[in-house]
Amino acid sequence: MATLKDVAELAGVSVKTVSNVVNGHAFVKPENRRRVEEALAATGYRPNLGARNLRRGRTGFLALVLPELGIPYFSELAGLVLRAAQAHEWNVLIEQTLGTREGERVALASLGTHLVDGAVVSPEALLEGDFAELSLPVVMLGEHTVDLPIDRVGIDNVGAAEEAVRHLVSSGRRRIAAIGAHPARGTAALRLRGYRAALAAAGLPFDESLVATAMHYHRAEGAAAMESLLALPEPPDAVFCFNDLLAVGALRAAADHGLRVPEDLAVVGFDNTEEGAYHRPSLTTVAPDKAAIADAAVTLLRRRVEDPDRPHEQVQTPFTLEIRESTVRG
């Protein structure tokens, strides 16, 4: 492998100048920078990140702690975090918790500054006191009902749910159900709050029987919840699902009952996963800017690692409502 000395000899400059270019320092003459960059390309030089991190007192790794990689939203987000981390010269260790408090506590307890520089965490069941046990820099993904002095990145879940339900109201729907209520998930509580707010704003009554619980956000739970809603004496004419997999399950149940979507039943999901976009009918869904979430999370973690005492930040990333065939008649 080429060394800094090899690059310096080819470029006709000092090893210190090559080091300054490799490390991104600005105080290098333009002509010297050009010669070094050409020499770097010619020799195929790659910096020794392990040695660099050792000098800086860093591991060169961050942890990404997620509930379930089998849920498309999280697998897509993981890929985007990997890409964002590469730009900061970080490798990524991925931990799966299955969304349980014990799984999340074990995952975080197994991490330390001897293994990773920090962690990006998407918790579903952790309580406020659990975060007091952390011994490393952390950025939390998503909005949560607990109030913590911690860096966070997420979308406005209440506002996103309101926009989804307003869309259903504007298409003439009046019995709008919700699938995804959960006793422990903070994001579920926020999306339910937005659902209720949109109903109230439209002058529609809140009907507890139209809210279906889902302990897991999988297709099967969406289908089972839709079955129970269709068994009501007065079934819904629309349903807002708290993620796309629940919505795909609801669409299957509707098809099994011979319902036409969207003529008989309109369906909205949440997450804008590839599966929903290519489903037939294609799924109207809330689309968080997942790339913005990943970039902001990794950037916040870098700032926290470099300055542990800086004020905590909360970054709200944008979302859109992707309107497709499941709510709009063709």
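The values are calculated or read from the model by the stated rules, or taken from the named source; none is laboratory data. What you see is a predicted model; the values in this text were computed from it and never measured. Accessible surface areas use protein heavy atoms only, side chains included; no ligands, DNA or RNA. Shrake-Rupley method; radii C 1.70, N 1.55, O 1.52, S 1.80 Å.
Our coupling estimate for the stretch 284-295, obtained by passing each phi through the Karplus curve with A = 6.51, B = -1.76, C = 1.60 and θ = phi - 60°, is 5, 7, 6, 10, x, 7, 5, 5, 5, 4, 5, 4 Hz, Gly and Pro reported as x.
Only helices enter this figure: runs of n ≥ 4 DSSP H residues, each worth -39500 (n - 2.57), summed and divided by the residues of the chain, yield -13000 deg cm²/dmol at 222 nm to the nearest 500.
Only aspartates and glutamates eight or more places from LYS29 in sequence, or on another chain, were considered; those with a Cα closer than 13 Å are GLU37. Highest GNM mean-square fluctuation among SER19, SER171, SER75, for the chain modelled with Cα contacts below 10 Å: SER19.
Here the mean projected area of the convex hull built on the C-alpha positions of the stretch 157-288 is 6.9 nm². Size check on the stretch 65-117: the Cα extents along the three principal axes, sorted descending, read 32, 31, 9 Å.
When semi-axes √(5λ) of the Cα gyration tensor in Å is calculated for this entry, the matching label among [x] 33, 27, 16; [y] 47, 22, 16; [z] 56, 36, 17 is [y].
Largest GNM mean-square fluctuation across VAL169, VAL22, VAL116, computed for the chain with C-alpha springs under 10 Å, falls on VAL22.
Under 5 Å between amide hydrogens, built in the peptide plane, is the criterion, and for LEU93 it picks out LEU62, ALA63, LEU64 among residues at least 5 positions away or on other chains. Computed with a 1.4 Å probe on the full set of protein chains, the accessible area for THR113 sits at about 90 Å². Among ARG33, ARG101, ARG191, the largest mean-square fluctuation in a Gaussian network model of the chain, built with springs joining Cα atoms closer than 10 Å, belongs to ARG33.
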